[in-house]
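For reference, the structure discussed in these notes is given below.
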């Protein structure tokens, strides 16, 4: 039997824990495959190339103010030479940061629920919490797969495909902070955090209200971090592309 009665009605056997732990490796592998597909189809580089060419267009439009045609040519070459740098930043995000975030998210949730259980006198259950939190990372991987599928089906750029609250924004111009914040409220991420909270309640680590509050806090920390990094990188790119 997977469940044993020793000390706690919620205890699980080591065999069940061993079966659950490798699933995180599966999610990481699928994430790498999905991002690899995005890069292989050119979807990831298209937006970067568009941004760089936008900078080139601006330089050529304002070229009349340049001291010479040679200065304009050098500025255009500089803009295009920046593409490999920004592509490398994007590659690091897709193939290093995003896969690592699956493990970091699972570990943070497992530690949080273990602390809640310990403070309530329910004992330390980190291994079971870690297994459950690793399993629900599949919701985030599913969200990535759905976006990739929509990009292929609709034949649109990835930036034009949404599964977040940004989908409901009317056409118009919005501030970067507001846009990035709305993109973080994703339906699959919400389902993932809900599954994490329900798993914590099912294990007996915390009540439903506490579990939801913990997951909401962790989701807010992740969203704030992503928005901050997005604003920093976006500002740096705009400054570089706008530079004469």
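Taken together, the values in this text are just the output of simple stated rules run on the coordinates, not laboratory data. The shown structure was predicted, so the numbers you read here are calculated from the model rather than taken from an experiment. Glycine gets a Cβ as well: all are built from the backbone with ideal geometry, and neighbour counts include every protein chain shown.
Points 7 angstrom from Cα along the Cβ direction at residue 92 and residue 146: gap in nanometres?
Result for the modelled spin labels: 3.1 nm.
Tell me, in nm to one decimal, what length is gained between residue 177 and residue 39 on full extension, where the rule is 0.36 nm per residue of separation less the Cα-Cα distance?
Numbers: separation 138, 0.36 × 138 = 49.68 nm, distance 2.62 nm.
Here the segment from residue 177 to residue 39 would lengthen by 47.1 nm.
Sort 125, 74 so that the residue with the fewest other Cβ atoms within 10 Å of its own Cβ comes first and the one with the most comes last.
Details: 125 22, 74 14.
Arranged by neighbour count, lowest to highest, 125, 74 become 74, 125.
Hey, rough spin-label estimate for residue 233 and residue 118, points 7 angstrom out along Cα→Cβ, what's it come to in nanometres?
Rounded to a tenth, the inter-label distance reads 3.4 nm.
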